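One structure below.
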């Protein structure tokens, strides 16, 4: 597969890059692998710090509020009972770890499947390598406008780390900047368009080839 390379002004350079068929053109992309990998990514992002006060955690005495019989009221053991006001929560949430693991090759299949779907729906734009001399959000917005991507969910994939590009794009709504080596299934599918630097294509082809 070939993809044209564009300048940051959205003009064709006359060059093209090879999108490896084994990465961007799978015959049978796996929806199940995509589902599991997205589930893994979102689960690993959860803090799991939720906590409700249960019977043993709320303040209050162990003293019996009133005698067992003769008052006409229901039996009561102590004021911390879940049945009483300010009592503990029954089976409330507790801190837990939601993360789990998937086979490395299985996750690679998921990412290649996601890239295949993006390529099929023409959601990939290859742009020549660029950088900013200083953080400048206006310059970043101008590039998006040239490609008619303003307001769209855009994932810019860099060939190498650039602090100026990252700082320029972090305040733009729906804009994400990521390194080619950190590309993941969720970010690929969450974006309307992948804006991939020319040099990042070789990294992706090599990284996901196996």
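Derivation of every value follows stated rules applied to the coordinates shown; laboratory data play no part. A quick note: this is a predicted structure, and the numbers were derived from the prediction, not measured. Glycine gets a Cβ as well: all are built from the backbone with ideal geometry, and neighbour counts include every protein chain shown.
Summary table below
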read-out: At R0 = 45 Å, FRET efficiency that the Cβ-Cβ distance of residue 15 and residue 49 yields, to 0.05; value: 0.35
read-out: Rounded tilt (10° steps) of 104-120 against the dominant C-alpha axis of the chain; value: 60 degrees
read-out: Tensor-based shape of the range 92-208 (alpha-carbon gyration tensor, a/c under 1.5 rounded, otherwise prolate or oblate); value: prolate
read-out: Degrees between helix 31-45 axis and first principal axis of the chain (Cα, 0 to 90, nearest 10); value: 60 degrees
read-out: Computed lengthening from residue 166 to residue 68, 0.36 nm per intervening residue step minus Cα-Cα distance; value: 28.5 nm
read-out: Gained length - residue 209 relative to residue 104, 0.36 nm times residue gap less alpha-carbon distance; value: 36.5 nm
read-out: Per-residue Cβ neighbour rank within 10 angstrom, fewest leading, 79, 69, 112; value: 69, 79, 112
read-out: Per-residue [θ]222 nm for the chain (sum of -39500 (n - 2.57) over DSSP H runs n ≥ 4, rounded to 500); value: -9500 deg cm²/dmol
read-out: Between helix 137-146 and the chain: long-axis angle, C-alpha atoms, 0 to 90°, nearest 10; value: 60 degrees
read-out: Reference-scaled alpha-carbon Rg (2.2 N^0.38 Å with N residues) for the range 6-128; value: 2.11
read-out: The chain: most fluctuating residue of 180, 150, 119 per GNM, C-alpha cutoff 10 Å; value: 150
read-out: Exposure proxy order (Cβ contacts within 10 Å, fewest to most) of 146, 63; value: 63, 146
read-out: Label-point gap, in nm, between residue 133 and residue 148 - each point 7 angstrom along Cα→Cβ; value: 3.2 nm
read-out: P(r), alpha carbons of the chain - 5 Å bins starting at zero, rounded %; value: 1, 7, 12, 14, 13, 10, 8, 5, 4, 4, 5, 5, 4, 3, 3, 2, 1, 0, 0
read-out: Sorted by Cβ density within 10 Å, fewest first, the residues 12, 139, 206; value: 12, 206, 139
read-out: The range 47-97: C-alpha pair distances exceeding 17 Å, %; value: 45 percent
read-out: For the range 1-61 versus the range 74-132, the gap between their alpha-carbon centres in whole angstrom; value: 12 Å
read-out: Stretchable slack from residue 78 to residue 190, in nm (0.36 nm times residue separation minus alpha-carbon distance); value: 35.2 nm
